[in-house]
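Just below is one structure, and these are the notes that go with it.
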Amino acid sequence: KVSAFIKAGDYTVYGNSVEFTSLGSLGPEITGFSPGRVLCGDTILIRGRNFSWVRDFNKVFFNNTAAFVCDPVTDTTILAVVPYTLTMPEQTVSLEISGSRTTFADSKLIVDLPVIEKITPASAHWGDTVEITVNNLKAGASLRILFGQVFLVPVVPWNGEKVSFIVPWETTLTENQI
């Protein structure tokens, strides 16, 4: 129920009360996104209609993985960061507002996932330095290396191409996954 009112000084005068049923608002509609090919950590621009002006009301998904939505947002544009947790290179882009989710079906986002290109040397002992070459990962990325069950601290920082670490003495297995 709603009523119109006017306020003049200390006086408030109300009009007739009107009862109605809200039909809600239209759900979000995605008309496109760019760029079409990205790396994890890149930002994409999603274009469309009926987006919320409140950043936190817009929920962006790549397949079913939630993404961080950046400021500024408008009712027709949203910026979203491609998550590092993606495991598939082809991603559908979806937007959800107040439980109403829409998926852009015209094309998929292509994500060039990080790939370990080379590990040198392939065999090492405790205390040896090992170098890892990685493709499709930006220099500013926060890199974590898991060697078996041990997280490693790089001795040569990640430069966007290579990182080096020392084989830890805590390693108890003869073969370890990186």
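The values are calculated or read from the model by the stated rules, or taken from the named source; none is laboratory data. If you're wondering where the values come from, they're calculated on a predicted model, not measured in any experiment. No Cβ is skipped: glycine too gets one built from the backbone with ideal geometry, and neighbour counts run over all protein chains shown. With ligands, DNA and RNA removed, areas are computed over all heavy atoms of the protein, side chains included. Shrake-Rupley method; radii C 1.70, N 1.55, O 1.52, S 1.80 Å.
Each Lys and Arg contributes +1 and each Asp and Glu -1, all at the Cβ; summed about the Cα centre of the range 107-174, the dipole is approximately 240 debye. Summary of the geometry: the range 100-178 and the range 24-42, compared by the centres of their Cα atoms, lie 29 Å apart. Annotation: Cα Rg of the range 74-150 relative to the compact-globule expectation 2.2 N^0.38 Å equals 1.62. Taking every protein chain into account, the accessible area of the chain amounts to 66 square angstrom per residue (probe 1.4 Å). Computed on the chain, with alpha-carbon pairs under 8 angstrom and 6+ residues apart, the relative contact order is 16 percent.
Put a plus charge on the Cβ of each Lys and Arg, a minus charge on the Cβ of each Asp and Glu, and nothing anywhere else: the dipole of the chain about its Cα centre is then about 400 debye.
Number of Lys-Lys pairs in the chain with C-alpha atoms under 24 Å apart and a separation of 8 or more places or on different chains: 5. Extent along the principal axes, Cα only, for the range 1-136: 85, 37, 20 Å, with the longest axis given first. For the range 124-171, the fraction of 1.4 Å probe accessible surface lying on carbon and sulfur atoms is 56 percent.
Relative protection proxy for 127-136, 12-21, from highest mean packing down: 127-136, 12-21 (other beta-carbon atoms within 10 angstrom). In terms of its C-alpha gyration tensor, the range 1-80 comes out prolate, because a/c is 1.5 or above and the ratio a/b outweighs b/c. Starting from the Cα gyration tensor of the range 119-178, take the square roots of the eigenvalues, sort them a ≥ b ≥ c, and report rounded, prolate or oblate (rounded when a/c is under 1.5, otherwise prolate if a/b is larger than b/c, else oblate). Prolate, because a/c is 1.5 or more and a/b exceeds b/c.
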